[in-house]
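The numbers here are math on the coordinates, done by the rules we state, and not lab data. It should be emphasised that the depicted structure is a prediction, and the values quoted were computed from it without experimental measurement. Note that each Cβ is placed from the backbone with ideal geometry, even for glycine, and that neighbours are counted across all protein chains shown.
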Amino acid sequence: MQFKRELGSFDATMVVIGGIIGSGIFINPYLVARQLDTPALVLAAWAAGGAVAIAGAFAYAELGRRLPRAGGQYVYLREAWHPVVGFLYGWALLLMIETGAIAAVAIVFAEYTLRLTGSVGVSPRPLAIAAIVAVTVVNYLGVKPGSRVLNVFVVLKVAALGVLILFAWFTPAAPDWMTAQRIDDTPSNALTFGAALIPILFAYGGWQVANYVAEEMREPERLLPRSLIAGTLVVVAIYVLINVSYLRTLGLEGLAATSTPAAETAGRWLGAHGERFVAAAIAISTFGFLNLSVLAPSRVYYAMAADGAFFPAIARLHPRFGTPAAAIVLQSAWAIVLALTGRYGDLLDTVVFADWIFFGLTVAGLFVLRSSTSTADNSAATGRGDAPGYRTPGYPWLPAFFVFVAVVVVLSTIRQSPARSAVGAALLLAGIPIYYLFKGLNARR
């Protein structure tokens, strides 16, 4: 049985935008403002992060055109390097990265929903688990229902950010909001600019989610590159403009002083209703992100199982709905366990650097795939791969630039949290014997 090709251009673009925009842009820009001492540097940092994201999207667009298969990044790592590298990515995704994110985002959704309804002192966990179950059921029933829910919530979250961008210009601007300079003991330099880029780059992560569902797009060789580039460009524009709004309304000092810049900005023109507006916006944004987190990464576990590197049942598509039903249920079940135990925060903090290890390896894999004659031969046989189509602009310099940035991010994260990074590396490497165990067991079936 094959996946149902039900996703069009708009659906694919919404997957890209929904995969990048979570709750962070409503809250985290203050971290950047604390690192840099002029508004121009803050905006330059967000623009620089956007340039890195676009360079990554360019490379993933070519990878998706070459190998438009379910599992996306897992497939690229497997083909470029070794099947065990692809497995380690899927292993980290299931054990920690994606399931930890699902648990964390579900809790954030529940907290803001309860705040919105005035339910003070109520535990967010029951609502968080109910949200995970709800999006699991929707995505179990087919990629199209999951995509429709995603489309609605992505449009709503973009609209909410658009309101913040627009109405910030209807309030008096902070004095000298674009020229003011914060005076402190640590003036900005190359190191502080680099430190400011770390949370920005994590905020821009997520464009790769569209590659997971390539086999469910109608014309992936054409739609995937277009949606990756268009969706990433839209997010870069939104992120830069929303930071302009924060700075214009609050000023650099005000932005650095508040951990809730969106609520503070909305409060300037909505008063007491501003916090409710932002609570609703964050609830909407996190629910949409939660839905996508259940929909797309399950295709990675499916691809692992189809390669004989995971439980065979995970490689079966539902006979009616055409979804990797067992993979969806497994991922959600583990996320619920993490939400109940409250250990998702520890896991996320421990392996947060792993995402950029695999980002760097994936884009570096483009060099390998381009130079591999076996890939070209296989592509000619299938009518894909090196057939005429999208190719990364600025090759080899843009992909090399992205790989360099990925290395810097990983090293910076290890430097900031060496103990957690060591534990994360150990958990990641524990996947190697598990890979060979599954391969051995499945070979004897």
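Centroid-to-centroid, using Cα positions, the range 213-288 and the range 79-152 are 19 Å apart.
Contour minus end-to-end for Ser417 and Val155, with contour as 0.36 nm per residue of separation and end-to-end as the Cα-Cα distance?
Numbers: separation 262, 0.36 × 262 = 94.32 nm, distance 3.64 nm.
Gain on stretching Ser417 to Val155: 90.7 nm.
How much length is gained on full extension from Arg276 to Arg445, taking 0.36 nm per residue of separation minus their Cα-Cα distance? Numbers along the way, then the final one.
Numbers: separation 169, 0.36 × 169 = 60.84 nm, distance 5.64 nm.
Taking 0.36 nm per residue and subtracting the Cα distance, the gain is 55.2 nm.
Distance between the pseudo-spin-label points of Val163 and Gln181 (7 Å out from Cα toward the beta carbon): 3.9 nm. Once C-alpha pairs closer than 8 Å and six or more residues apart are averaged by separation and normalised to the residue number of the chain, the relative contact order reads 33 percent. Taking the average, over residues, of other Cβ atoms within 10 Å as the packing measure, peptides 228-236, 307-315, 63-71 rank 63-71, 228-236, 307-315 from highest down. Computing FRET efficiency as 1/(1 + (r/R0)^6) for Phe321 and Arg226, where r is the C-beta to C-beta distance and R0 is 35 Å, gives about 0.85.
Once fully extended, how much extra length lies between Ala134 and Ile432, figured as 0.36 nm per residue of separation less the alpha-carbon to alpha-carbon distance?
Working: separation 298, 0.36 × 298 = 107.28 nm, distance 3.36 nm.
Answer, rounded to one decimal: 103.9 nm.
Please identify the DSSP H helices in the chain that span no less than 30 Å along the helix axis (Cα) and have a mean Kyte-Doolittle hydropathy of 0.5 or more.
Numbers: long enough: 39-66 (41 Å, 1.04); 143-167 (35 Å, 1.72); 220-257 (47 Å, 1.10); 273-295 (33 Å, 1.16).
Passing helices, by number: 39-66, 143-167, 220-257, 273-295.
Take Arg5, project a point 7 Å from its Cα along the Cβ direction, then tell me which residues of the range 223-244 have their backbone nitrogen under 18 Å from it. Once the point is set 7 Å along Cα→Cβ of Arg5, 223-228 turn out to lie under 18 Å by backbone N, inside the range 223-244.
Based on every Cα atom in the range 9-443, Rg and the maximum pairwise Cα distance Dmax equal 21.3, 69 Å.
Could you work out the local net charge near Leu295, counting Lys and Arg as +1, Asp and Glu as -1, over the other residues with Cβ closer than 15 Å to its Cβ? Could the numbers behind the result be given before it?
Details: positive: Lys4, Lys144, Arg148, Arg299; negative: Glu6, Asp11, Glu98, Glu215, Glu216.
Net charge in that neighbourhood comes out at -1.
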